[in-house]
Amino acid sequence: MIQPERISELNQKPLRENARYVLYWMQQAQRAEWNHALEFAIMQANDLALPLQVSFALTDNYPEASERHYAFMLEGLSETASRLRDRGATFLLETGQPTEVVIRHARQAALVVTDRGGTRVQASWRVGLAKKLDCRLVQVETDVVVPVETAYPKEAYTAAVLRPKITRFLGQFLTPLKPTALHCMAPESSFVLETEHILQSLNIDRAVSRSHHILGGRSAAKQLLDNFIATNLSCYAEQRNDPSTDFASHMSPYLHFGQISPLEIALTVKGSGDNPNVSSYLEELIVRRELSWNFTHYNSNYDTYESLPNWARATLEKHANDPREFLYSQADLEEASTHDPYWNAAQREMMLTGKMHNYMRMYWGKKILEWSASPQEAFHTTLALNNKWCLDGRDPNSFAGVAWCYGKHDRPWGEREIFGSVRYMNAAGLRRKFDMDGYLKRVADLNR
């Protein structure tokens with residue numbers, strides 16, 4: 001079922017007469033299953049008795065993207081292209097500025113359907129296309145469980161604000177999406193997406209190489225999800241914060257690139273039972289993740305220090321001149337050369353794999369605040385390192401996660417030096433709660 005709240009017409013142009021196909025501009029939702037935008041495009045094609053063309057515009061100047069990000073994305077797109085052909089659609093990938101690519105591909109399209117990403121860059125592409133396109137442009141929201149504006153019409157300042165609002169819509173939106181058969185099938189093709197050739201042809205940052213620990217694509221995501229449910233979900237609520245163990249689902253890179261649907265994950269996990277572990281996971285996947293989409297949608301400063309709440313900025317700036325026992329430059333931090341072995345391990349984990357344990361990412365961000373000359377510099381450094389090395393960087397969830405380290409979506413705590421009333425974390429707390437020697441060993445083993 002595609003709920004009408006997911007669908008928005010982005011311009012007032014008519015359907016093109018004598019068109020040859022319906023065009024789906026795949027942007028955020030890089031998958032051929034559990035994709036409301038794709039299914040809507042298929043329905044439109046069937047209604048018009050036309051075939052479906054799926055286009056992906058690959059820009060090599062996406063902000064802060066490196067070989068690591070492009071390699072992972074292309075691994076997923078290769079699989080998606082194959083699955084789209086199996087479903088009878090034509091898939092085209094062209095390198096170029098997205099708006100220009102889509103306008104070329106849409107010259108003989110009855111209409112263009114697209115999905116919805118949650119960042120400023122993606123929104124600017126859609127706005128630009130809506131102004132220039134000479135046929136109808138329809139957006140279908142498919143990378144959140146509950147559409148952002150439906151869940152809450154303004155910025156939610158904490159999870160406690162959003163939780164009851166989004167929960168009351170789950171009965172309506174947490175429902176399966178059935179695939180629709182395409183009536184006008186494209187001719188069979190042996191075309192294979194030459195991802196390695198494409199990757200090497202791009203003019204991109206090669207300083208951060210691909211991750212050899214995390215494989216892109218829906219099949220890899222599904223395997224991880226199935227393994228998580230079979231082996232780790234039963235202890236998730238109790239063990240998810242322990243960095244010495246590995247009880248995470250590891251879905252965040254796949255969600256970032258739209259290689260798996262949050263709706264599919266939610267229904268699969270929900271179908272495994274009704275218990276505190278399932279509830280804990282769905283809280284993170286739906287409430288916390290979609291709080292981040294609320295943040296990037298309603299707060300235009302989401303990637304800057306100015307996105308923080310007034311109380312957080314006031315208390316941080318009050319303590320901006322407090323003495324720091326340690327001061328590190330961004331280069332020092334990037335080289336994992338601090339005095340703190342736990343922080344260094346977290347940085348290495350991120351650099352080696354493209355991902356960091358969620359609890360350690362909170363600690364990691366807090367320590368950058370403690371070891372930087374100003375809170376503004378700390379915020380910039382935290383976001384820059386996260387976006388550069390993490391496969392799930394440059395994502396609403398990452399923007400919100402970094403801002404959380406500085407007080408976003410949190411409350412004031414007891415006042416102390418440097419942090420003011422922003423929540424504090426320290427190494428002693430890690431040792432008290434977790435087997436940190438085990439974490440150090442786990443990260444060291446990544447090099448083997």
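The values are calculated or read from the model by the stated rules, or taken from the named source; none is laboratory data. In this text, all values refer to a predicted model and were calculated from it rather than measured experimentally. In this analysis, Cβ positions are derived from the backbone assuming ideal geometry, glycine residues included, and neighbour counts consider all displayed protein chains.
Figures for the structure shown
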| item | result |
| --- | --- |
| Complete set of residues in segment 206-246 that are modelled with pLDDT under 95 and either under 20 Å from Thr268 (Cβ atoms) or of a type in the set (Asp, Glu) (or both) | Asp246 |
| Tyr62 being in contact with a His (Cβ under 9 Å, 6 or more places away or on another chain) and under 21 Å from Arg210 (Cβ atoms) | yes |
| Scan of segment 312-355 for residues that are out of contact with any Leu (no Cβ under 9 Å at 6 or more places or on another chain) and charged (D, E, K, R), ordered by number | Arg313, Glu317, Lys318, Asp322, Arg324, Glu325, Asp332, Glu335, Asp340 |
| Pick from segment 304-360, criterion among the hydroxyl-bearing types (Ser, Thr, Tyr) and surrounded by fewer than 17 Cβ atoms within 10 Å (Cβ to Cβ), ranking: nearest to Gly420 (Cα to Cα) | Thr304 |
| Members of segment 1-34 found to be closer than 23 Å to Cys184 by Cβ, over 19 Å from the mean Cα position of the chain (by Cα), not in a loop (DSSP other than H, G, I, E, B) and not hydroxyl-bearing (Ser, Thr, Tyr), listed by number | Ile7, Val22, Leu23 |
| Helices (runs of 4 or more DSSP H) wholly inside segment 63-138 containing at least 3 residues that are touching a residue at least 60 places away in the same chain (Cβ under 8 Å) and within 16 Å of the chain's Cα centre (by Cα) | 67-86 |
| Matching residues, segment 399-448, being within 22 Å of Trp311 (Cβ to Cβ) and among the charged types (D, E, K, R) | Lys408, Asp410, Arg411, Glu415, Arg416, Glu417, Arg423 |
| Lone qualifier among Asp274, Asp332, Asp322 - being modelled with pLDDT of 95 or more and part of a loop (DSSP other than H, G, I, E, B) | Asp322 |
| Subset tally (residues that are among the aromatic types (Phe, Trp, Tyr) and out of contact with any Ser or Thr (no Cβ under 9 Å at 6 or more places or on another chain)) for segment 405-431 | 1 |
| Helices (runs of 4 or more DSSP H) wholly inside segment 207-259 that include at least 1 residues being of a type in the set (Lys, Arg) | 218-227 |
| Residues being more than 18 Å from Phe257 (Cβ to Cβ) and touching a strand residue (DSSP E or B) at 6+ places or on another chain (Cβ under 6 Å) - total across segment 103-128 | 7 |
| Breaking point among (1) in contact with a Leu (Cβ under 9 Å, 6 or more places away or on another chain); (2) free of Cβ contacts under 8 Å to residues at least 40 places away in the same chain, for Thr231 | (1) |
| Residue satisfying condition, being buried (at least 17 other Cβ atoms within 10 Å of the Cβ) and at pLDDT 95 or above, within set Asn18, Asn35 | Asn35 |
| Long-range neighbours under 6 Å by Cβ, at least six apart or interchain, first residue not assigned by TED's automatic domain parsing to the domain that holds Asn241 within segment 343-365, second assigned to a helix (DSSP H, G or I) and surrounded by fewer than 19 Cβ atoms within 10 Å (Cβ to Cβ) | Ala345/Leu440 |
| Residue satisfying condition, being under 21 Å from Gln44 (Cβ atoms), basic (Lys, Arg) and touching a residue at least 12 places away in the same chain (Cβ under 8 Å), within set Lys165, Lys178 | Lys178 |
| Scan of segment 288-339 for residues that are under 20 Å from Ala159 (Cα atoms), of a type in the set (Phe, Trp, Tyr) and out of contact with any helix residue (DSSP H, G or I) (no Cβ under 6 Å at 6 or more places or on another chain), ordered by number | Tyr298, Trp311 |
